[in-house]
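The values are calculated or read from the model by the stated rules, or taken from the named source; none is laboratory data. All values reported here derive from a predicted model rather than from experimental measurement. A quick note on method: Cβ atoms are made from the backbone with ideal geometry, for glycine too, and the neighbour counts reach across all protein chains shown.
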Amino acid sequence: MSLTITLLGTGSPIPSPDRAGPATLISAGEGAEAEHYLVDTGRGVLMRLAGVMLGAPNLTAVLLTHLHSDHITDLNDVITTRWVMAFEPTPLTIVGPVGTRAVVDHILASLEPDIGYRITHHADLEGPPQVKVIEVSEGIVELPGNVTITCGLTEHKPVDPSIGYRFDFEGASVVAAGDTIPCAGLDTLCRGADALVHTVIRKDIIENVPMQRMKDTLNYHSSPEEAAQTAARSGVGTLVLTHYVPPIPAGSDGAEWRELASAHFEGPVEMGDDLHSVEIPGA
Ligand SMILES: [Zn+2]
């Protein structure tokens with residue numbers, strides 16, 4: 001048995017014809033018994049999920065790392081599509097930092113006309129989408145299922161709180177860091193993990209872009225070098241880079257990015273196009 005990481009969206013707030021917004025799927029086990037945890041719900045997430053033959057009803061839970069718009073922009077699509085495409089009531093569990101409940105309440109409020117239309121039109125839709133929100137900060141995330149999920153605070157200020165998640169399943173462990181600079185909370189979460197999925201920006205490029213709005217992003221993201229240092233410091237097995245700023249052309253192997261990371265980390269560095277997947281075998 002294993003954990004499978006699928007980079008559903010490797011993009012960022014910058015729209016790209018090739019890269020969906022930030023979203024990563026962590027799947028535990030195989031076939032109909034598999035559990036599927038969606039970390040963040042960026043632009044186009046359900047299109048990419050369809051690319052691996054899954055839909056919103058297949059998700060075991062959604063876990064949000066933080067409430068930046070690029071990480072949650074398609075949460076409304078996940079909520080609505082799960083509601084409409086599941087043929088029996090299938091409550092959606094959404095885990096996220098403090099503030100998530102208010103965001104979900106506002107999304108549901110914005111969907112009020114749609115919810116009304118569909119309930120009127122479909123006799124078997126008896127009520128609005130069923131959503132269970134669990135706000136977390138540190139420690140074990142109490143969910144049913146066979147995966148132990150732990151969360152810890154990361155550092156993405158002024159986005160506060162922000163959290164990372166660790167998934168442990170039958171001897172395999174994967175951390176999804178989200179957006180963060182190197183920090184003690186992430187180090188703790190990563191200790192001895194088999195893989196770390198980390199969002200990165202190329203600071204060596206962005207610092208030379210003559211736009212203050214871009215330069216502003218330097219102080220709350222990690223570079224490939226910093227993500228690699230976090231992985232090395234915590235004894236991580238495989239480093240998986242995602243959220244490429246600036247966008248890497250589709251089909252590129254990201255050699256330069258890998259080299260920057262590999263100068264600080266001896267293990268394998270994985271990156272690629274949307275739907276790139278990495279299998280982490282269990283013990
Ligand atoms: Zn962010």
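Quick notes on this structure:
- Members of the range 26-42 found to be surrounded by fewer than 24 Cβ atoms within 10 Å (Cβ to Cβ) and out of contact with any Asp or Glu (no Cβ under 8 Å at 6 or more places or on another chain), listed by number: GLU30, GLY31, ALA32, GLU33, ALA34, GLU35, HIS36
- Some residue of the range 155-164 being under 16 Å from ASP40 (Cβ atoms) and either free of Cβ contacts under 8 Å to residues at least 60 places away in the same chain or more than 16 Å from the ligand (Cβ to nearest atom) (or both): no
For every residue, the table says whether it meets (1) part of a loop (DSSP other than H, G, I, E, B); (2) within 22 Å of ASP70 (Cα to Cα); (3) among the small types (Gly, Ala, Ser).
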site: LEU218; (1), (2), (3): no, yes, no
site: ALA227; (1), (2), (3): no, yes, yes
site: GLY235; (1), (2), (3): yes, no, yes
site: HIS243; (1), (2), (3): no, yes, no
site: GLU256; (1), (2), (3): no, no, no
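- In the range 80-98 there is no residue that is without any contact (Cβ under 8 Å) to a residue 40 or more places away in the chain, within 16 Å of the ligand (Cβ to nearest atom) and buried (at least 23 other Cβ atoms within 10 Å of the Cβ).
- Answer from ILE107, ILE149 - the residue that is away from the ligand (no atom under 16 Å from the Cβ), more than 19 Å from TYR220 (Cβ to Cβ) and within 17 Å of the chain's Cα centre (by Cα): ILE149
- Filtering the range 67-76 to residues that are surrounded by fewer than 24 Cβ atoms within 10 Å (Cβ to Cβ) and within 10 Å of the ligand (Cβ to nearest atom) leaves LEU67, HIS68, SER69, ASP70.
- Test: residue in the range 26-45 that is of a type in the set (Phe, Trp, Tyr) and within 20 Å of GLY127 (Cα to Cα): no
For (1) under 25 Å from THR238 (Cα atoms); (2) of a type in the set (Lys, Arg); (3) modelled with pLDDT of 95 or more; (4) surrounded by fewer than 24 Cβ atoms within 10 Å (Cβ to Cβ), each residue gets a yes or a no:
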residue	(1), (2), (3), (4)
THR10	yes, no, yes, no
PRO17	no, no, no, yes
GLY44	no, no, yes, yes
LEU54	no, no, yes, yes
THR60	yes, no, yes, yes
VAL78	no, no, yes, no
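- Residue within the range 197-207 that is at pLDDT 95 or above and either away from the ligand (no atom under 16 Å from the Cβ) or more than 21 Å from PHE265 (Cβ to Cβ) (or both) present: no
- Helices (runs of 4 or more DSSP H) contained in the range 101-210 and holding at least 3 residues more than 24 Å from SER12 (Cα to Cα): 112-121
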